[in-house]
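**Student:** Here it is, the structure, as structure tokens.
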Ligand SMILES: [Zn+2]
């Protein structure tokens, strides 16, 4: 009797073909839930990541029906995976996969095999970001900074030079509950300062060319160390941020599940107690009371299981390092108001044709708005209220 009720009240667990609940031991339940990645929708970023990685490893990828890929593996990967070809299935809703195919959603077995191989050694590439022509918008700083009480003079763009930048590509994985993966790229400047971070597999909005244009290839190891340190700190901070956000969304799903569980058990316990009241006076009252107690214990056990299943763990792995030669230029432009001329300087990202915010002449911080105050131009923070 007890075993039967136990089986009945395992909400959210699937019964296998022989009718037994697969959650009987926690391990097989996890094995059912995680590899299928059933609720993680396919992300185009993931498919691009897999595609680019296969391409970088000289695999031949062909489209197959239903969005699958048929991959002829490189000799190196053939050895690693002991097969010549593999069919990759991305559609996480597909109930069955072709024989020998790998289900390849993030968090799935195939997805993890590819990630593991990708992470074994970071890919290292050297690239040049192609300069846009013209290198800056015609209105110069006016395109990124508003002004009050001034008009802009004409912009003067200096010659284009190439700076070294390094992009670190990483995957942040969330384990537990619904496994999830995100691609991130962090761009570090020559001094180790973090210039950009984006949730993407590649540097966004850049047309690349292979090779390092106008830069020597060799560098002091000390500089590389500094870059790596900056990237590592940024990626760790990023993972913490993502984890805090995930904790909210994952916590909501966990609490929903606990609520459903609670509603189910409360109803069952109430039923038991109702029955007990009806039978009051009979000598099996104690037995009924015992049933309500075992229901409560079962509820606790199931709730602990739910909490454990949703326990979150975040992992950051670096899979690629790109050294870039990046076109930049200086831009000078004046703010004018009657006889007052305030000269501003800014740097332009010539790969994107985008000037950086100019520095406030008073406090020096980058600003998107300058107002006339104190006989000069300054940012909103510096302007007297
Ligand atoms: Zn200021």
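**Student:** Listing 173, 104, 367 from the residue with the fewest other Cβ atoms within 10 Å to the one with the most, what is the order?
**Tutor:** 173, 367, 104
**Student:** Here's a follow-up. Rounded to whole Å and sorted largest first, list the principal axis extents of the Cα atoms in the stretch 151-233.
**Tutor:** Result, largest extent first: 56, 41, 25 Å.
**Student:** What ranking do 266, 92 get, fewest neighbouring Cβ atoms within 10 angstrom at the top?
**Tutor:** Lowest to highest Cβ neighbour count: 266, 92.
**Student:** Can you work out the FRET efficiency for the pair residue 62 and residue 266, with r the C-beta to C-beta distance and R0 = 56 Å, to the nearest 0.05?
**Tutor:** Computed FRET efficiency for residue 62 and residue 266: 0.50.
**Student:** Right, next: Could you calculate the FRET efficiency of residue 245 with residue 81 from 1/(1 + (r/R0)^6), where r is the beta carbon distance between them and R0 is 35 Å, rounded to 0.05?
**Tutor:** E(calc), rounded to 0.05, equals 0.50.
**Student:** Grab the Cα-Cα distance for residue 278 and residue 113, subtract it from 0.36 nm times how many residues apart they are, and report the gain in nm with one decimal.
**Tutor:** 53.5 nm
**Student:** Could you put 341, 57 in order, starting from the residue whose Cβ has the fewest other Cβ atoms within 10 Å?
**Tutor:** Details: 341 11, 57 16.
Result, fewest neighbours first: 341, 57.
**Student:** Of all alpha-carbon pairs in the stretch 245-375, indicate the percentage at a distance above 19 angstrom. Kindly include the intermediate steps, with their values, before the conclusion.
**Tutor:** Details: 6273 of 8515 pairs.
So the pairs more than 19 Å apart make up 74 percent of the total in the stretch 245-375.
**Student:** Find the relative contact order for the stretch 111-258 and round it to a whole percent, using C-alpha pairs within less than 8 Å whose residues are 6+ positions apart.
**Tutor:** Contact order relative to length: 23 percent.
Just so you know, all these numbers are worked out from the coordinates, no wet-lab data involved. As the structure is a prediction and not an experimental result, all values here were calculated from the model. Quick reminder, even Gly has a Cβ in these numbers, built from the backbone with ideal geometry, and neighbours come from all protein chains shown.
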